[in-house]
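To start, the structure under review is shown below, and the notes come after it.
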Amino acid sequence: MPASTARRTPADKHDERRRALAESALRTLGDIGYARTSLREIANNSEFSHGVVHYYFSDKLDLIVHCVQHYKATCVRRYDGVIADAGTVEELVDRFAAKLLETLTDEAPMHRLWYDLRSQSMFEATLQEAVHAIDRTLEAMIWRVVCRAAELSGSEPALSPATTYGMLDGLFQQALLGHGVGSPDALEQLDRQVREVVPLLLVAPGTRSID
């Protein structure tokens, strides 16, 4: 038996099964949404039985939060690749805009689930801690993109991390809504907005406007 296999602990196997369940459940969750889903519904639309799903997740909230955390962590790694591969600020903006359009087009149900969950957290206290943690992770991801753009252009970020994230997240959510109702120019508009906004997020050294 390979050494890597021999070192797997019961905890490792448990985590792997939870990840597998999360990946299987994401498609159903994206289609149904938070409010209408249940563990049984997820099991009915996956390869796993209701008993297996309930064994690894105590309730719907536990499963959905784990699913969104898993998906958003994957998204963060993709954007870190965008940062690493860009050699100029123009290339960074091109890659960043392209990645936003790609994920919006290919994974719209997952993003709808995230915004659904974030909205629900305003009414369900049990969701707030997990949603806040995911939001901060996404904010940090966007901040790394802007800081890299500043580094490549010899400038500084103009706004705070929270304000920067709020602006770009708002544009993405608007595009997601437009794309969902079949707006023919939703993606083109998002691409144009990102290219217009990113330069506004940068200022000459020593003139940053908001701490």
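The values are calculated or read from the model by the stated rules, or taken from the named source; none is laboratory data. In this text the structure is predicted, and so the values were computed from the model without any measurement. Positions of Cβ are generated from backbone atoms using ideal geometry, with glycine treated the same way; all protein chains shown enter the neighbour counts. Quick note on the areas: whole protein, heavy atoms, side chains included, nothing else; ligands and nucleic acids left out. Shrake-Rupley method; radii C 1.70, N 1.55, O 1.52, S 1.80 Å.
Here SER119 does not fit the description of being more than 13 Å from the chain's Cα centre (by Cα) and either over 23 Å from VAL76 (Cβ atoms) or part of a loop (DSSP other than H, G, I, E, B) (or both).
Against the criterion of being open to solvent by 20 Å² or more (accessible area, probe 1.4 Å), out of contact with any Ser or Thr (no Cβ under 6 Å at 6 or more places or on another chain), in a helix (DSSP H, G or I) and of a type in the set (A, V, I, L, M, F, W, C), ALA97 does not qualify. Note on the range 151-183: among residues that are surrounded by fewer than 18 Cβ atoms within 10 Å (Cβ to Cβ) and among the polar types (S, T, N, Q), the one that is farthest from VAL89 (Cα to Cα) is SER183. Scanning the range 83-94 for residues that are open to solvent by less than 10 Å² (accessible area, probe 1.4 Å) and within 17 Å of LEU190 (Cβ to Cβ) turns up just one, LEU92. Considering the range 47-59, the residues that are in a helix (DSSP H, G or I) and free of Cβ contacts under 8 Å to residues at least 24 places away in the same chain include one that is most open to solvent (accessible area, probe 1.4 Å), namely TYR55.
If you filter the range 22-46 down to residues that are among the hydroxyl-bearing types (Ser, Thr, Tyr) and either open to solvent by 40 Å² or more (accessible area, probe 1.4 Å) or farther than 18 Å from TRP114 by Cα (or both), you find that the one that is modelled with the highest pLDDT is SER38. Would you confirm whether or not the range 124-146 contains a residue that is in contact with a His (Cβ under 8 Å, 6 or more places away or on another chain), part of a helix (DSSP H, G or I) and hydrophobic (A, V, I, L, M, F, W, C)? No, that holds for no residue.
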